[in-house]
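Novice: Submitted below is the structure of interest, expressed as structure tokens.
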Amino acid sequence: ELPGFYYDPEKNRYFRLLPGHNNHNPLTKDSIQHKAMECKRLKLLEEEEKQNQKTTRAGLNSSVLLQKRQLGLLSPTSYCRLVHELKVNSMQRRKIEIHSPDSSVAGTNNFKIIVADVACERIFTVNDVEHGGCKYGIINLSGLGKESLTVEMYDNLYFTNRKVNSVCWASLTHPDSHFFLTHCSKLCLMGIAETPGCASLLPASLFSSTNPGDRPGMLCSFKISTAWSCAWCLNPQADNCFSTGLTRRVLVTNVVTGHRQTFGTSSDVLAQQFATQTPVLYNGCRSGEIFSIDVRQRNRKGQSWKATRLFHGSAVTSIHLMEAEHYLMAADMAGKIKLWDLRTAKCVKQYKGHHNEYALLPLHVNEEEGLLIAVGQDCYTRIWSLQDDHLLRTIPSPHPSSKDAIPSVVFSSRLGGSRGVPGLLMAVKQDLYHFSYN
């Protein structure tokens, strides 16, 4: 390597490298990196189309697994786990056709966020609008069980010119009857905050094929400081409560009575999740701290109300409480994903390969199949084995990598309901893809 020069292996010559962006010489470090990443993505896509994906464990195939199982060399648990790994490596991408009662809705706006309900029958979507802002919709997944791979998308007239930071389903009148959103401050063209953020609770019945005149309105919407995260509580001891992670504080609100509790923090709260066995709220902060709050107690001055405390070296962007509630998965802006034992407050596993520098990217954990899924800032979707933190597969995005084209994914063994199809849903740009898991 020569200082100030770049060697192009294709042209077999050196080019002068100028710092920054120059219209007369567009060759910069950023453009070189982007070109290398695009070549890598196209190569991986070509391998996937030819079905050349190789298993990450040597000698792992269905016939060998079955033989070892019959000889008693594998326990039923290990056999099922390895079968799931084979399924992950054999997933093939297929594009889904999106139909809508309003033909002008489907395929016109870029997907930003998709979140599935508990039964995985519906997906709530947040789409970017061309002239700025976001709008919402619901996709019915019942059509995924058919060979045609078509889904129905229902839109409504609700639109916000604020950026949506976080979304979660809420169970108010019945399971997954509403969804809860937090918005950051309204942005003008110069990117300066003009108004405070807000939190909204909307009934899912807004998005249906019935007569629009019969639809209920927005249940509640209140202005708050910049909101980064939200969570809904399913524990009966804190019934009808939701939390919003704000700038240097946590706000817990009862949607029926309107009662609020405020807990001051030393940093912005970027990720939240309620436990189900106890009315405890876990919070991940920009400072890297993760702490829990028992929402039954009254707010006290100081930091004495913090219970479990864990620490990352960078801002925590996502947390996921495991089913038994003894372990907590957390990801940060340094690209580290760690599994914490809440009983000893120690990190027991670390899942390597994730890429993140500044984005609020979620984690997707499927304990039934023993899989961890995360989409990186480099637009690659990575799948790990929960048990031994082994990276099983790296899926490239169907579109060129960019800041506004980071895929949003949903994984389930029953997409479309109890009789649905298993697989991975990927929303990127204006397209929705299904990776069959069978």
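Values quoted throughout were computed directly from the atomic coordinates according to the rules given, and no laboratory measurement underlies them. Everything quoted here is computed from the prediction, not taken from an experiment. Reconstructed Cβ throughout: ideal geometry from the backbone, glycine too, with neighbour counts over all protein chains shown.
Novice: Along the Cα→Cβ direction, 7 angstrom out, place labels at VAL256 and ARG16. What is the inter-label distance in nm?
Specialist: 7.4 nm
Novice: What is the pair-distance distribution P(r) of region 365-411, computed from all Cα-Cα distances in 5 Å bins starting at 0, with each bin given as a whole percent?
Specialist: Final binned percentages: 5, 23, 29, 19, 14, 7, 2.
Novice: Compute the Cα gyration tensor for region 241-297, then decide on rounded, prolate or oblate, letting a ≥ b ≥ c be the square roots of its eigenvalues: rounded whenever a/c is under 1.5, prolate when a/b is larger than b/c in the other cases, and oblate in all that remain. Mind dumping the intermediate values first?
Specialist: On the way: a/c = 2.15, a/b = 1.40, b/c = 1.53.
The shape class here is oblate.
Novice: Report the paramagnetic label zone for LYS403: residues of region 357-375 whose backbone N is under 19 Å from a point 7 Å from Cα along the Cα-to-Cβ axis.
Specialist: 357-362
Novice: Find, among the GluC sites (Glu not before Pro) in region 114-149, those assigned to loop by DSSP (not H, G, I, E, B) with at most 14 other beta-carbon atoms within 10 angstrom. Walk me through the numbers on the way to the answer.
Specialist: Values: sites: GLU121, GLU130, GLU147; in loops: GLU121, GLU130, GLU147.
Here the sparse-neighbourhood loop sites are GLU130, GLU147.
Novice: Hey, got a sec? Which trypsin sites (Lys or Arg not before Pro) in region 398-438 land in a DSSP loop and have at most 14 other Cβ atoms within 10 Å?
Specialist: Working: sites: LYS403, ARG414, ARG419, LYS429; in loops: ARG419, LYS429.
Listed in order of number, the matching sites are ARG419.
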